[in-house]
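Remarks on the structure that follows.
Each reported figure results from applying straightforward, stated rules to the coordinates on display, with no laboratory input. A quick note: this is a predicted structure, and the numbers were derived from the prediction, not measured. Here Cβ is always computed from backbone atoms with ideal geometry, including for glycine, and neighbour counts include all displayed protein chains.
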Amino acid sequence: MLYAASYMTDKMLKFVKLDQQNPPKRKVLDRKEDFNEIYSEFINEKAKEQSSRCSQCGVPFCQVHCPLSNNIPDWLKLTAEGRLKEAYELAQSTNNMPEVCGRICPQDRLCEGNCVIEQSGHGTVTIGSVEKFITENAWENKWVEPIKVRIEKKQSVGIIGAGPAGLACAEQLRKQGYQVTIYDRYDRAGGLLIYGIPNFKLEKFVVERRTNLLKKGGIKFIQNFEVGKDATLSELKEKHDAILIATGVYKAREIEIPGSNLENIFPAMDFLTASNRKGLGDKVEQFDNGKLNVEGKDVIVIGGGDTAMDCVRTSVRQNAKSVKCLYRRDRENMPGSAREVSNAEEEGVEFVWLSNPKKFNGAIKIENVLVDKMKLGDPDESGRRKPIIETNSEFNLKADVIIKALGFDPENLPNLFQEKDLKVSTWGTIKVDFDTMETNLSGVFAAGDIIRGASLVVWAIRDGREAATSIKNYLEKIESKKAKVA
Ligand SMILES: Cc1cc2nc3c(=O)[nH]c(=O)nc-3n(C[C@H](O)[C@H](O)[C@H](O)COP(=O)(O)OP(=O)(O)OC[C@H]3O[C@@H](n4cnc5c(N)ncnc54)[C@H](O)[C@@H]3O)c2cc1C
Ligand code: SF4
């Protein structure tokens, strides 16, 4: 016991002596020149050193607050000991894309935000960066291998949507030997990881490397296939023994103020998809003709979430003349990650806090925005303080382009899928039994943003994994019923 305690203080608990260090961040001038990721990776020794700062809590709050319940203290300890293959195996046992989560989880609100050493006045353990390091190191060493199915099962599952929820579910089911087909309306797999989130947060090779691995493991991808147009839900149900709906949420929230129909006012996803497609080498007419390219323009982005942060920082990299972010609450009450706000500020984005557009002005195109100054009242149902207009506080801001990043709602899936019986909530999200992830239609499950509303990659992965467990149980029950009848 004594030995264990002294071993622990020798190898771990170094937060008292060792300061927090993040992997180097590229210099602002340098990173504004391209779309590459802004954080480098830990080198081996640094990852070991930073992992050894973990205090190995009896009740690890980091793990409790990770939606995947990642076994963080154990993989930090293995990393500190240089046992990197075991660290990787542990990290990937609860997470289908640790290299993605390590890069883009808002760790300040999840694992790192609950690290106890920060509460004792030391900087948190840099959990996300170590998770990224462990997995990148595993890819380099070829430890990340395609699924090898020992016994192929006859039953098949159709998954609608190749975003993180669909991909995680597909991987878990394929590991069990099921036939899995993913249908997606886009030409590339990855969902928002490919066409939403920009390269400077998540380079595309990271996503493509994963989806290629899943293909090698026998998962079938059918791209450019839109359920509702190319097949109805009931046609897909005929083809497969179970279905997962993991279609995400894509209907952009609108802003209903005078002048909304002026030219050069765009939804965020049009702007981000065009930019991501350009980065992937596609021909994008709307970008090439200058419409969705903001070079030399005064840009105003409206919104305060992750999407707004990605739009302002994409605008900076497209060499906009000026970039402003209008948000109706203040910094403390915004939904976006604090880390992304400070990255945007470093890159020259101006935040106009407590401000709300009242009218878009212009002859044909947007020319300027009339803005109301806001103040914060009592907390609303979301727990955040409610913005209230300050009387006689209007001011004008010049704009050549407006990007609306006000959030997303689900599309009308019962209509789209021609399945009127599919139950949805008042917000349009699919209703599931959260114990089984099953919808009201037998054998049809759902996961990710389409059941939660716009959320996070890590929650989509968790839902996908949970749906896979329930689908397996469901399929096993069917098999055993058949066996009894026979
Ligand atoms: C700009 C932006 C930035 C973000 N940044 C972050 C971040 O930094 N960190 C983070 O954790 N989260 C972030 N998110 C949220 C995160 O991307 C989502 O929560 C996550 O991708 C949801 O996964 P999903 O699998 O449910 O859906 P999606 O990723 O949206 O995938 C759904 C897939 O379904 C397909 N599909 C839809 N309808 C059909 C149909 N009828 N037929 C066939 N296929 C269909 C779509 O083409 C898509 O590929 C961001 C979101 C946005 C928009
Ligand atoms: S998946 Fe996200 S929340 Fe969980 S340990 Fe990794 S970075 Fe933290």
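Some notes on this structure:
- Proximal lysines relative to Lys32, as straight alpha-carbon distance under 17 Å, when same-chain residues fewer than 8 apart are discounted: Lys201, Lys278, Lys297, Lys321, Lys324
- Percent of Cα pairs in the range 1-149 per distance bin of 5 Å, from zero to the largest separation: 2, 10, 19, 22, 21, 13, 8, 4, 1, 0, 0.
- Computed log₁₀ I(q)/I(0) - Debye formula, equal Cα scatterers, no solvent, the range 290-441, q 0.09 Å⁻¹: -0.40
- Mean Cβ count within 10 Å, highest first, over the residues of peptides 380-388, 121-129, 301-309: 301-309, 121-129, 380-388
- The residues Val323, Val284, when put in order of fewest to most other Cβ atoms within 10 Å, stand as Val284, Val323.
- Nearby lysines by direct alpha-carbon distance to Lys153 (threshold 21 angstrom, same-chain neighbours under 8 apart not counted): Lys175, Lys215, Lys216, Lys220, Lys237, Lys239, Lys472, Lys477, Lys481, Lys482, Lys484
- Sorted fewest first by neighbouring Cβ atoms within 10 angstrom, Cys62, Cys169, Cys115 come out as Cys62, Cys115, Cys169.
- Efficiency of FRET between Glu226 and Gln20 - r from beta-carbon atoms, R0 45 angstrom, step 0.05: 0.45
- Of the trypsin sites (Lys or Arg not before Pro) in the range 61-157, those whose Cβ has at most 11 other Cβ within 10 Å and which sit in DSSP loop: Lys142, Lys148, Arg150, Lys154
- All Cα-Cα distances of the range 424-464, cut into 5 Å bins from zero to the largest, leave 6, 27, 32, 24, 10, 1 percent in each bin in turn.
- Quotient of C-alpha Rg and 2.2 N^0.38 Å, computed over the range 231-308: 1.54
- Cα coordinate range in the range 170-275, projected on the principal axes (Å, largest first): 55, 35, 18
- C-alpha center-to-center spacing [the range 227-265, the range 66-122] in angstrom: 34 Å
- Rg and Dmax, both from the Cα atoms of the chain and both in Å, are 23.8, 79.
- Translational diffusion of the range 437-486, estimated by Stokes-Einstein from the Kirkwood radius over alpha carbon pairs at 4 °C in a medium of 1.567 mPa s, is 108 µm² per second.
- Table column - 3J(HN,Hα) (Hz), the range 225-234, Karplus curve with 6.51, -1.76, 1.60, x for Gly and Pro: 10, 9, 6, x, 10, 8, 6, 8, 4, 5
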